[in-house]
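Before any comments, here is the structure.
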Amino acid sequence: MNNLGYRFATEVWGQGLATEFSQYSLRYGFEQLQLNEISAVVRPQHQASQKVLIESGLNYSGGINDIVDAEPSLLFRLSHPDWLNLHS
């Protein structure tokens, strides 16, 4: 699984950096690395990150139990064919 991830200092939140980074990373992953799918895992309370993923074309795929004794994280995915459809 190819996981998209990012972390920015709070003082630069809201400037569009995460969206720009995500879109660049997806383009690089699909065009240069020829990946079949890229996914991202986000905590349910991080709504801004969920918005970035959705704006970048990823779709909610379900929950994933990735942290012991915590509520499931949210898994988002984007396949190469779906990415191509977004950019045709």
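List every residue pair whose Cβ atoms lie under 6 Å apart, where the two residues are 6 or more positions apart in sequence or sit on different chains, the first residue falls within the range 42-56 and is closer than 19 Å to Pro72 by Cβ, and the second residue, located anywhere, is of a type in the set (Ser, Thr, Tyr) and in a helix (DSSP H, G or I).
Val42/Ser49
Can you pull out the residues in the range 1-58 that are loosely packed, with under 13 Cβ neighbours inside 10 Å, outside any loop (DSSP other than H, G, I, E, B) and under 9 Å from the mean Cα position of the chain (by Cα)?
Matches in the range 1-58: Asn3, Ile54.
Does any residue in the range 12-33 that is over 19 Å from His87 (Cβ atoms) come within less than 7 Å, Cβ to Cβ, of a residue that is among the β-branched types (Val, Ile, Thr) and at pLDDT below 95 six or more places away or on a different chain, and which pairs are these?
Filtered contacts from the range 12-33: Ala18/Val52.
Residue pairs, Cβ under 7 Å, 6 or more apart or interchain, first in the range 70-86 and in contact (Cβ under 8 Å) with a residue 12 or more places away in the chain and surrounded by 11 or more Cβ atoms within 10 Å (Cβ to Cβ), second among the acidic types (Asp, Glu) and not in a loop (DSSP other than H, G, I, E, B). List them.
Correct list of pairs: Arg77/Glu37; Leu78/Glu37; Ser79/Glu37; His80/Glu37.
From the list Asp82, Asp69, pick out the single residue that is of a type in the set (D, E, K, R) and part of a loop (DSSP other than H, G, I, E, B). Step through it out loud before you land on a result.
Numbers: Asp82 fails: part of a loop (DSSP other than H, G, I, E, B).
Step by step, each of Asp82, Asp69 is checked, and only Asp69 is of a type in the set (D, E, K, R) and part of a loop (DSSP other than H, G, I, E, B).
Identify the single condition in (1) part of a strand (DSSP E or B); (2) of a type in the set (A, V, I, L, M, F, W, C); (3) in contact with a helix residue (DSSP H, G or I) (Cβ under 6 Å, 6 or more places away or on another chain) that Leu74 does not satisfy, given that it satisfies every other one.
Result: Leu74 passes all but (3).
The values are calculated or read from the model by the stated rules, or taken from the named source; none is laboratory data. Just so we're clear, the structure is a prediction, and the values are computed from it rather than from any experiment. Glycine gets a Cβ as well: all are built from the backbone with ideal geometry, and neighbour counts include every protein chain shown.
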